[in-house]
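What follows is calculated from the coordinates using simple rules that are stated; it is not laboratory data. Every value quoted in this text rests on a predicted model; they were computed, and no experiment measured them. A quick note on method: Cβ atoms are made from the backbone with ideal geometry, for glycine too, and the neighbour counts reach across all protein chains shown.
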């Protein structure tokens, strides 16, 4: 029902522990957490350190809500699959990242439909309590904004040859 | 990167990623996996750079397009060795500051894009929208 994911690079124990706490308090089962290679393994939630893209896709397909760090990869996935996402930014003061760019990410994205920001454990609990009524984005398109595609297209073609692209 | 595919429609594309599992998403295009590396792990960074250099020399692209991070920086830097032009697109995650890779790429890549107008203005690079 809830798929929590912290990305592949760094653990985010504060997020996973808070989710576990909430699920115990509310007696919610069916959570799954991807906790990262060095992440603390939760006792009361099924979890994995990492997932293959296929396993990841299955968790996304099977869940109702995604709970995540403010990683753009996960946010994009949630938008594409029309899953509401609750994002908690990683903070330097807790050693969760090397800078506070996730704070900037969430303030830029929180107006988007389907993206719900939790800046603290209390805010996370609030969003989780309201889980049934969290709105879903209407699905981001599969490709980037047209003006970006066109700028890249112009760049590629600017020497007049189609050529090989090493992406 | 996959969200940029429409821009590569008429090109022969070689994909390079740190994620082995993405192979299934690129169809028949040549696909290479490189070890991940960032500034916290110097040895892995060096190994990754060597692998990127090898691939650039082997594939000999005309154009390098990167969606960011350390491997993309190296790819843009090495592109010059084979006479390729390069475009570094900083991650949409960098909404306030450009990444270190993007800052470094400004002196090596032919063009650098940020996906946030505010950031583009601050660092004197271009912005043409985002992958969202």
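Principal-axis analysis of the Cα atoms of chain A puts helix A:53-62 at an angle of about 60° to the longest axis.
Partner shielding of B:88-94 amounts to 5, given as the average count of beta-carbon atoms from other chains within 10 Å of each residue beta-carbon. Secondary structure note: in region A:2-139, about 0% of the DSSP beta bridges are antiparallel. Normalised by 2.2 N^0.38 Å, where N is the number of residues, the alpha-carbon radius of gyration of the protein assembly as shown equals 1.02. Less than 15 Å from a label point 7 Å out along the Cα-to-Cβ axis of residue A:113: which backbone N atoms in region A:76-94 qualify, by residue? Answer for this model: A:79-85. Tilt of helix A:13-25 relative to the longest C-alpha principal axis of chain A, in degrees (0 to 90, nearest 10)? Once rounded, the angle reads 50 degrees.
If you stretched the chain out fully between residue B:60 and residue B:126, how much longer would it get, using 0.36 nm times the residue separation minus the C-alpha to C-alpha distance? Contour length minus the Cα-Cα distance gives 21.1 nm. Based on alpha-carbon atoms, the Kirkwood radius and the radius of gyration of chain A give Rg/Rh equal to 1.04. Per residue, the average separation of C-alpha pairs within less than 8 Å and at least 6 apart gives region B:41-96 a relative contact order of 34 percent. For region A:2-139, the relative contact order is 23 percent, taking Cα pairs closer than 8 Å that sit 6 or more residues apart in sequence and dividing their mean separation by the residue count. Here is how the number arises for chain A: DSSP H runs of 4 or more residues each give -39500 (n - 2.57), the sum is divided by the residue count, and the result at 222 nm is -11000 deg cm²/dmol.
Averaging Cα coordinates gives a centre for region B:92-107 and one for region A:83-113; these two points are 17 Å apart. Per residue, the convex hull spanned by the alpha carbons of region A:47-144 comes to 122 Å³.
Per residue of A:78-86, other chain Cβ atoms within 10 Å of the residue Cβ number 0 on average.
Only Cα sites of chain B enter the Debye sum here, all with the same form factor; the resulting log10 I(q)/I(0) across q = 0.16, 0.20 1/Å is -0.80, -1.26, listed in q order. Relative contact order of region B:2-123, taken over Cα pairs closer than 8 Å and 6 or more residues apart, is 16 percent. Note on B:16-26: average number of Cβ atoms from other chains within 10 Å of each residue's Cβ is 2. Placing R0 at 22 angstrom, the Cβ-Cβ distance between residue B:118 and residue A:154 gives a FRET efficiency of 0.40 after rounding to 0.05.
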